[in-house]
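For reference, the structure discussed in these notes is given below.
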Amino acid sequence: MLGRLASTMGRAYGQTRLLVALSAGAARGLEAASLPRPPSISSAFDSGNIELVHSVCVEEAHEFSLKIKDDAYTHFTDKTAHKQWFHFRASGVKGAKCTFVIENAGDASYPEGWENYQTVMSYDRDDWLRVDSTTYADGKLSWELTPERDSVWFAYFAPYSWERHERVVAELSGPGALGAHSVIGETLEGRPLDMLTFGDGPLQIWATARQHPGESMAEWCAEGLSRFLNDADEPLARKLRSVATVRVINNMNPDGAVAG
């Protein structure tokens with residue numbers, strides 16, 4: 001029996017070595033044929049939104065022609081295809097002079113918002129900076145940048161992810177927190193409409209944010225308000241909780257926010 005076991009183990013070991021060798025060979029073939037890849041644009045992630053129309057890439061300069069996609073579900077409201085938010089990643093661009101042009105910026109829901117506007121960018125998705133080369137003219141939003149790293153993210157404003165939303169709800173209603181969490185409904189895609197309640201005073205205050213999903217700055221503001229109300233050592237927050245019941249809905253449109 002031990003002999004048969006040893007024989008079986010030997011065959012399995014040999015097959016494993018063969019698979020590893022084949023996998024290594026495939027990886028070498030992939031590397032030789034496909035890497036490095038040409039510059040690319042991606043928005044296939046939480047709150048991503050952009051369409052690559054075409055690109056012109058040479059060794060030291062890349063130009064990307066882009067379009068903002070329509071917001072999800074807005075045709076049910078006023079029969080208008082709303083758009084304003086964009087969020088995407090450019091990869092394979094380190095050291096090259098890159099020009100990004102959003103061709104349909106003039107068709108946005110609020111084109112006046114592009115006046116004196118500056119795109120935001122990040123290398124790590126935590127720290128966001130303004131791109132001072134941003135210009136708006138003839139219905140097109142454009143900017144130039146020579147990235148210091150292989151990948152760089154761009155957005156209309158600093159994104160606020162659904163994962164962060166979930167973490168904030170859990171933190172401010174968890175053990176030791178002052179917020180009470182409740183779900184007041186569900187979206188078309190089944191996401192919860194979360195509400196945090198602070199205080200028990202007679203005055204009723206409601207604070208809602210992000211009815212328009214591209215307004216991520218509103219959810220950042222709502223988080224700040226929620227953290228203020230959750231501060232047990234802040235005198236003004238203590239007073240407010242004693243005279244009012246404050247209900248905060250940080251994101252009124254989760255489906256649109258996630259869809260970008």
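The values are calculated or read from the model by the stated rules, or taken from the named source; none is laboratory data. All of these numbers come straight from a predicted model, not from anything done at the bench. All Cβ positions, even for glycine, are placed from backbone atoms using ideal geometry, and neighbour counts span all protein chains on display. To get the accessible areas, we keep the full protein, side chains included, count just its heavy atoms, and leave off ligands, DNA and RNA. Shrake-Rupley method; radii C 1.70, N 1.55, O 1.52, S 1.80 Å.
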Legend entry - In Å², nearest 10: area of TYR123 left accessible to a 1.4 Å probe: 50 Å²
Inset, instruction - Please give the solvent-accessible surface of VAL101 in Å², to the nearest 10, using a probe radius of 1.4 Å with every protein chain present. - result: 20 Å²
Inset, instruction - Please give every one of the aspartates and glutamates within straight-line cross-link reach of LYS140, meaning a C-alpha to C-alpha distance under 17 Å, and leave out same-chain neighbours fewer than 8 residues apart. - result: GLU51, GLU63, ASP70, GLU103, ASP107, GLU112, GLU115, ASP132
Legend entry - ³J(HN,Hα), Karplus 6.51/-1.76/1.60, whole Hz, each residue of the range 179-194, x for Gly, Pro: x, 10, 9, 8, 9, 9, x, 10, 7, 4, 9, x, 7, x, 8, 8
Legend entry - Under-5 Å amide H pairs with HIS62, H placed in peptide plane, nonlocal only: LYS97, CYS98, THR99
Inset, instruction - Enumerate the calculated ³J(HN,Hα) couplings along the range 145-153 in order (Karplus 6.51 cos²θ - 1.76 cosθ + 1.60, θ = phi - 60°), each rounded to whole Hz, writing x wherever the residue is Gly or Pro. - result: 7, 10, x, 8, 10, 5, 10, 9, 9
Legend entry - Extended-chain gain in nm, criterion 0.36 nm per residue less alpha-carbon gap, GLU234 and ALA158: 24.6 nm
Legend entry - Rg/Rh ratio calculated on Cα atoms of the range 131-260 (Kirkwood radius): 1.09
Legend entry - Stretchable slack from ALA170 to ASP138, in nm (0.36 nm times residue separation minus alpha-carbon distance): 7.0 nm
Legend entry - Inter-label distance, nm, simple model (7 Å from Cα along the C-beta direction), PHE45/ILE205: 3.6 nm
Inset, instruction - Search the structure for amide H atoms under 5 Å from the amide H of THR245, placed 1.01 Å from N in the peptide plane, and list their residues when 5 or more places away or on another chain. - result: GLY201, LEU203, GLN204, ILE205
Inset, instruction - Starting at the first residue of the range 111-122, write each ³J(HN,Hα) from the Karplus equation 6.51 cos²θ - 1.76 cosθ + 1.60 with θ = phi - 60°, in whole Hz, x for Gly and Pro. - result: x, 4, x, 7, 5, 6, 7, 10, 4, 9, 9, 8
Inset, instruction - Restricting to the range 191-260, compute how many DSSP beta bridges are antiparallel as a %, nearest 5. - result: 35 percent
Legend entry - Sequence of ILE68, ILE205 from largest to smallest accessible area, 1.4 Å probe: ILE205, ILE68
Legend entry - the range 124-260: antiparallel DSSP beta bridges as a percent of all, rounded to 5: 65 percent
Inset, instruction - May I ask you to rank ASP107, ASP78 by accessible area, largest first, using a 1.4 Å probe over the protein chains only? - result: ASP107, ASP78
Inset, instruction - Using DSSP to define loop residues, name the trypsin sites (Lys or Arg not before Pro) in the range 140-209 whose beta-carbon has at most 15 other beta-carbon atoms within 10 Å. - result: ARG149
